[in-house]
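Colleague: Sharing a structure here in structure tokens format.
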Amino acid sequence: MSAPGLAAMSAVVIHNDTVLWTGNFGRKNGSDPNSGTPNEYTMYRISSISKVFPVLMLYRLWEEGTVASLDDPLELYASTFTIRNPLGLMDGLEEVGPAPRPSPVTLRRMASQLSGLPRRLRSTSLLWRGSTQEALNLLKDDVLVVDPGTRCHYSTLAFSLLAHVLAAHTTQGDYQRWISENVLEPLGMGDTGFDLTPSVRARLAAGFYGSGRPAPLYDLGWYRPSGQMYSTPADLAKLAMALLGSGPQRLLRPDAAKTLLAPLLACPGAYFANETGTPWEFHAQRGYRVVRKDGDLDGYAATFSLVPPLRLGLVLLLAGPRPPGPDLVAQAYDVLLPAMERALREAERSPAPPPSARPFAGYFTFANQTFYEVHAGPAGELRLRQFGPRVEALVPPAFRTLALRHVRGRVFQLHVAREFPCALPLGDAWLSLEAQHGQLVNFYPLDGHGLSPGFDVPGLNTYQVLRVQHKPVFKAQ
């Protein structure tokens, strides 16, 4: 907590429907030496995490049929919308002057930093208090800054315009009311909202600039959907569980949730994320896509992040600016990801045994180069041991035996009891244990003696691993 201006910090780690860890540091009011430590119910401004909620509205209206397609152009929902696109030129035309090409500002692009819309409305600040129709009028005389769908470009305008336009097509007719009734109340997020009432201000961690000067709690006006909201670590944990499909209440159907969490376009090196999505920034880390939404507003910083394959989430809320130097969230995931992989591997159920090990036990070879022994373990589960001169020269002893989990009939699944990611050095190449784990082993139909003559591992392109009658004996080298 030695970073300039950083007074309070709260973090929560989520797995499935469980909060694994909470951490709270500093003082709720950094200018009051008697102020207590924040907790998971302390309120913080969450700045651009607010942009998640217009996107949830878009996807819900799409599920309900109010929005026909995520790729509908904005004009279908705001008939007076128009903006010039000087970068969209039709190919093959020889007219005098540039000819505009249909390159629509679609709903999905607005939700994913691909709309090409300017960062804000011309000649406005975040405190602008105009109407949506006034915003549309301002856009008529403006230009797109990039051709839609071609490049990542951050636009606060896009999310606010999306929210207000869509809200006009709901029975509520008001964006904040729709979010409260359809997201916050169903998830039990009672400590999340928009209005900085006296009771909310009393529970907010006090925000500071890097200079140590207190930051004002201003209202964003028309731009509220893009950055006005406040919340708590506990409430954002509920949202993370819902988006991971693990909580008691789901916001979207599984197919829509999968689309929501998928990247749309790789971003150039100058952009602050590897890929963009609705509304996420994707960061590659330790072989995973970390789905993030970061936000920074005067006196506050926030990150909401998910790793869907691990059903893992991390929320970080700061009263004050982000500390300079290495990214706190990336540092946390450098610890969390391998720890979670290890915990999940240790928690995996033991390999299921077949009804009888006899049909599958014995010695096998692949092209007389690699040799295998299949035998029953202590609980009747099958074990596959690789042996022979080639294996002994290349594979460390700890990695020569794999478990076979019985699936059904003559089909088993390889089970690698090692941490992910793990690769074995094989001469000048590497063999990934990740690639072996979970592969299906298909034993052949039993012969007249009730034994399987061999097996295939199709996922590894390994066929005709055949039974041999006796244990192979190798000449001394």
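The values are calculated or read from the model by the stated rules, or taken from the named source; none is laboratory data. Treat the numbers as computed from the prediction; the structure is a model and nothing was measured. A quick note on method: Cβ atoms are made from the backbone with ideal geometry, for glycine too, and the neighbour counts reach across all protein chains shown. Accessible surface areas use protein heavy atoms only, side chains included; no ligands, DNA or RNA. Shrake-Rupley method; radii C 1.70, N 1.55, O 1.52, S 1.80 Å.
Colleague: Round to a whole angstrom and tell me the spacing of the C-alpha centers of the stretch 195-231 and the stretch 110-138.
Modeller: 21 Å
Colleague: Just the accessible area per residue of the stretch 171-249, please: how many Å² with a 1.4 Å probe?
Modeller: About 37 Å² of surface per residue is accessible.
Colleague: Hey, rough spin-label estimate for D174 and S211, points 7 angstrom out along Cα→Cβ, what's it come to in nanometres?
Modeller: Roughly 3.7 nm, to one decimal.
Colleague: What full-extension length gain, to one decimal in nm, is calculated for Y218 and L394 as 0.36 nm per residue of separation minus the Cα-Cα distance?
Modeller: 56.9 nm
Colleague: So what is the orientation-averaged projected area of the stretch 357-400, using the convex hull of its C-alpha atoms, in nm²?
Modeller: Values: hull surface 13.4 nm².
Here the figure is 3.3 nm², rounded to one decimal.
Colleague: List the relative contact order of the chain as a percent without decimals, with contacts defined as Cα pairs under 8 Å and 6+ residues apart.
Modeller: Numbers: 968 pairs, mean separation 74.9, N = 477.
Worked out over the chain, it gives 16 percent.
Colleague: Would you mind getting me the FRET efficiency between Q133 and R342? Use the beta-carbon distance for r and R0 = 56 Å, nearest 0.05. Don't jump to the answer; show the numbers that get you there.
Modeller: Values: r = 56 Å, r/R0 = 1.00.
With a Förster radius of 56 Å, E is 0.50.
Colleague: Does anyone have the angle between helix 233-243 and the longest principal axis of the chain? Alpha-carbon axes, 0 to 90°, nearest 10?
Modeller: 60 degrees
Colleague: What FRET efficiency do you get for D296 and T370 if R0 is 51 Å and r is their Cβ-Cβ distance, rounded to the nearest 0.05?
Modeller: For R0 = 51 Å, the calculated efficiency reads 0.40.
Colleague: Report, to the nearest whole %, how much of the accessible area of the stretch 8-343 belongs to carbon and sulfur atoms, 1.4 Å probe, protein only.
Modeller: About 52 percent, which is the carbon plus sulfur part of the accessible surface.
Colleague: For the chain, what Kirkwood radius comes out of the mean inverse Cα-Cα distance, in Å?
Modeller: For the chain, the Kirkwood estimate is 26.0 Å.
Colleague: Another question about this same structure. How many nm is it between the label spots at Y271 and S356, if each spot is 7 Å from the Cα in line with the beta carbon?
Modeller: 6.0 nm
Colleague: Using only Cα atoms, locate the centre of the stretch 352-375 and the centre of the stretch 254-329, then give the distance between them in Å, rounded to an integer.
Modeller: Cα centroid of the stretch 352-375 versus Cα centroid of the stretch 254-329: 46 Å apart.
Colleague: Quick check on my link table: of K51/K140; K28/K238; K258/K293; K238/K293, which ones sit more than 19 Å apart, alpha carbon to alpha carbon?
Modeller: Beyond 19 Å between Cα atoms: K51/K140; K28/K238.
Colleague: Let me know the charge dipole size of the stretch 8-343 about its Cα centre in debye, to the nearest 20, where only the beta-carbon of Lys, Arg (+1) and Asp, Glu (-1) is charged.
Modeller: Charge dipole, the stretch 8-343, about its Cα centre: 640 debye, nearest 20.
Colleague: Positive end of the charge dipole of the chain (Lys, Arg +1 and Asp, Glu -1 on Cβ, about the Cα centre): tell me which of L76, L161, P353 has its Cα farthest that way.
Modeller: P353
Colleague: Using the Karplus curve 6.51 cos²θ - 1.76 cosθ + 1.60 with θ = phi - 60°, work out ³J(HN,Hα) for each residue of the stretch 115-121 in order, rounded to whole Hz, and write x for Gly and Pro.
Modeller: Using θ = phi - 60°, the values come out as 6, x, 5, x, 4, 9, 4 Hz.
Colleague: Please find the FRET efficiency linking Q249 to D71, where r is the Cβ-Cβ separation and R0 is fixed at 35 Å, and quote it to the nearest 0.05.
Modeller: Values: r = 28 Å, r/R0 = 0.80.
With R0 = 35 Å, the Cβ-Cβ based efficiency is 0.80.
Colleague: Shifting gears a bit: If Lys and Arg each add +1 and Asp and Glu each add -1, what is the summed charge of the other residues whose beta carbon sits under 9 Å from the beta carbon of L264?
Modeller: Around L264, the surrounding residues sum to +1.
Colleague: So with the 1.4 Å probe, I'd like the accessible area per residue for the stretch 281-394, rounded to whole Å².
Modeller: Normalised by residue count, the accessible surface of the stretch 281-394 is 43 Å².
Colleague: Please give the helix 328-347 orientation as an angle from the longest Cα principal axis of the chain, in degrees from 0 to 90, rounded to the nearest 10.
Modeller: 30 degrees
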